[in-house]
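The values are calculated or read from the model by the stated rules, or taken from the named source; none is laboratory data. Just so it is clear, the model here is predicted, and its values are computed rather than measured. Here Cβ is always computed from backbone atoms with ideal geometry, including for glycine, and neighbour counts include all displayed protein chains.
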Amino acid sequence: MQESLIKNYEFETGIYRPPSEGGSASLLLRLTRNCPWNHCTFCAMYKSEKFELRKPEDIIQDINVMHDIYLQLKEISLKQGQAGIFSNETFTLFLKKAPELYFHPGISMLFNWLAVGGKTVFLQDADSLIMKTDHMVQVLNHLKKTFPTIQRITSYGRSRTIVRKPEPDLEKIHNAGLDRLHIGLETGNAALLKKIKKGATPEDHVKGGQKAMKAGFQVSEYWMPGLGGKTLSKDHALNTAVILNQINPHYIRSRPFTPRPGTSLYEKASRNELERMTPKEQLLEIKQTLEPLDITSRVCFDHAGNYWAAPDGRLLLSQSYEGYKFPEEKQNLLGLLEEGIAHYS
């Protein structure tokens, strides 16, 4: 093996990414650490961590380290007569030369990404757009130049951050290569947004979603069935539909509410102070959200929390990352929900 251009193989990898970015073997590139807001009462992901912006030169160094690993793997593959294709044998031989990487939290992710062609990237952590625009563009340009196989780059983004970002800046970031934004809507109900300390109003969500769409991004809006309990279920469902109709995002993704350890809502649930919904009530609420939708989005249930069973015991709803296309598959989806509601009656 030729001598590595980089002596230290360290690079940062965060923990969290959307399911659609794990299943498609995305590269996880950490632009920021943790969440700049971090007050949402339902979220435990970053609660014990401090938010930090990473320097663009440090991120670029991570990209260079990953590319150097790629070059080393390619050399091994060619010597093994595998024509540059990466196999388990390729990775094993590389790790023998760089044993310090055996316990690196991101090495398997990087191997998997390279093995399937290095096509998609997810920028971590919770709100990459909070970076200075020029810094983000610098990182994106270097990333795409270093790995020309990349076809899609995605990130989480807060509605409030998008609202505050000037439109020309959003366009610059999109033109530099960021294709898709995953935005946590959670609910369109103003009272519930305030209750969960989301730090955004329904108006923020509409303006942020529309602004992202106008800048050219694909937009995934995440909503949380069951978040308002039985008392707020109807308002949660109908007001969420109002907001989604105004945004008409490319994707709408269901993330049913579950109390997570480390959150105040979990503590309430532990004391039996949290109003929970039955599977039937959850499905009725989802149906109530979807019926008024007049959109061209894909509605997705690509998360294990969408657990409901059909009468034959299989999953009621497809967990495909592409979901159900509206309006073409709307009636089919509503029919499946009716089957589930009857099953849980």
Matching residues, the range 190-214, being of a type in the set (Gly, Ala, Ser) and in a loop (DSSP other than H, G, I, E, B):
Gly199, Ala200
With respect to Thr149, is the statement that it is at pLDDT 95 or above, among the polar types (S, T, N, Q) and not in a helix (DSSP H, G or I) true?
yes
Consider Ala25 carefully, then state whether it is part of a loop (DSSP other than H, G, I, E, B), in contact with a helix residue (DSSP H, G or I) (Cβ under 6 Å, 6 or more places away or on another chain) and over 30 Å from Ser264 (Cβ atoms).
yes
Within the range 217-248, how many residues turn out to be in contact with a strand residue (DSSP E or B) (Cβ under 8 Å, 6 or more places away or on another chain) and surrounded by 24 or more Cβ atoms within 10 Å (Cβ to Cβ)?
10
Among Tyr324, Tyr307, the single one that is hydroxyl-bearing (Ser, Thr, Tyr) and crowded, with 17+ Cβ neighbours inside 10 Å is Tyr324
Taking the range 80-114 and the residues there that are more than 26 Å from Arg152 (Cβ to Cβ) and either outside any helix (DSSP H, G or I) or among the β-branched types (Val, Ile, Thr) (or both), the one that is modelled with the highest pLDDT would be Thr92
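Quick grid of which residues meet (1) farther than 30 Å from Phe257 by Cα; (2) without any contact (Cβ under 8 Å) to a residue 12 or more places away in the chain; (3) surrounded by 14 or more Cβ atoms within 10 Å (Cβ to Cβ):
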site: Ala25; (1), (2), (3): no, no, yes
site: Lys47; (1), (2), (3): no, no, yes
site: Asp68; (1), (2), (3): yes, no, yes
site: Ile85; (1), (2), (3): yes, yes, no
site: Leu110; (1), (2), (3): yes, no, yes
Between Arg255, Arg260, which is in contact with a strand residue (DSSP E or B) (Cβ under 9 Å, 6 or more places away or on another chain) and basic (Lys, Arg)?
Arg255
For the range 155-177, state whether one or more residues are in contact (Cβ under 8 Å) with a residue 12 or more places away in the chain, on the phi > 0 side of the Ramachandran plot and either in contact with a strand residue (DSSP E or B) (Cβ under 9 Å, 6 or more places away or on another chain) or surrounded by fewer than 22 Cβ atoms within 10 Å (Cβ to Cβ) (or both).
yes
Could you pull out the residue among His174, His135 that is in a helix (DSSP H, G or I) and farther than 23 Å from Ser20 by Cα?
His135
Please identify the pairs in which a residue from the range 266-287 that is touching a residue at least 40 places away in the same chain (Cβ under 8 Å) has its Cβ atom under 8 Å from the Cβ atom of a residue that is exposed (fewer than 14 other Cβ atoms within 10 Å of the Cβ) and in a loop (DSSP other than H, G, I, E, B), counting only partners at least 6 apart or on another chain.
Glu275/Lys230; Glu275/Thr231; Met277/Lys230; Lys280/Ser345; Glu281/Lys230
Determine whether the range 276-287 contains at least one residue that is under 22 Å from the mean Cα position of the chain (by Cα), closer than 25 Å to Cys43 by Cα and surrounded by fewer than 16 Cβ atoms within 10 Å (Cβ to Cβ).
no
Give Leu185, Leu129, Leu140, Leu123 a once-over and let me know the one that is more than 27 Å from Phe301 (Cβ to Cβ), under 19 Å from the mean Cα position of the chain (by Cα), crowded, with 23+ Cβ neighbours inside 10 Å and not aromatic (Phe, Trp, Tyr).
Leu140
